[in-house]
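Peer 1: A single structure is presented below for examination.
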């Protein structure tokens with residue numbers, strides 16, 4: 001059975017290009033869209049792991065193909081395409097009420113949060 005997860009939201013001021021600094025317009029920012037897509041993949045991966053495991057994003061390739069105004073309903077969906085040992089490979093897509101607004105791929109890597117954080121210091 002195909003594994004997928006969807007996250008819905010309303011585009012708020014904090015999600016706009018003007019807020020992120022990635023542009024001046026009050027439209028759904030590319031960084032905001034990518035964050036929503038990545039969150040859907042993270043939550044899907046997390047649902048497949050034990051409490052002691054998590055994943056980190058290691059690669060993302062995304063196209064933002066259409067603008068979405070502030071106040072619009074949007075959603076992102078992650079579909080698990082393949083798992084290779086500790087690597088999770090996702091197809092990610094974002095939509096608004098008019099259709100697809102972005103698509104791409106995302107790779108996450110399984111980690112132990114404790115060991116991961118210990119390596120940082």
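Since every read-out is calculated from the coordinates, none of them should be taken as a lab result. Just so it is clear, the model here is predicted, and its values are computed rather than measured. Neighbour counts run over all protein chains shown; Cβ positions are idealised from the backbone, glycine included.
Peer 1: When mean projected area of the Cα convex hull in nm² is calculated directly from the model, which label among [x] 8.4; [y] 7.4; [z] 10.7 fits?
Peer 2: Computed from the coordinates, mean projected area of the Cα convex hull in nm² corresponds to [x].
Peer 1: Could you work out the relative contact order of the chain? I mean the mean sequence separation of Cα pairs under 8 Å and 6+ apart, divided by the number of residues, in percent.
Peer 2: 28 percent.
Peer 1: For a quick check, take a GNM of the chain with Cα springs below 10 Å and name the residue from 108, 66, 93 with the largest mean-square fluctuation.
Peer 2: Maximum fluctuation in the GNM of the chain, among the listed residues, is at 66.
Peer 1: Full-extension gain between residue 53 and residue 24, please, as 0.36 nm times their residue separation minus the C-alpha to C-alpha distance.
Peer 2: Once the chain is fully extended between residue 53 and residue 24, it gains 6.5 nm.
Peer 1: What is the order of 64, 42, 106, fewest Cβ neighbours within 10 Å to most?
Peer 2: Ranked by crowding around the Cβ, least crowded first: 64, 42, 106.
Peer 1: Okay, next question. May I ask you to compute the full-extension gain from residue 9 to residue 35, defined as 0.36 nm times their residue separation minus their alpha-carbon distance, rounded to one decimal in nm?
Peer 2: That pair, residue 9 and residue 35, stretches by 8.2 nm at full extension.
Peer 1: Full extension from residue 109 to residue 89: what is 0.36 nm times the residue separation minus their Cα-Cα distance, to one decimal in nm?
Peer 2: Contour length minus the Cα-Cα distance gives 6.3 nm.
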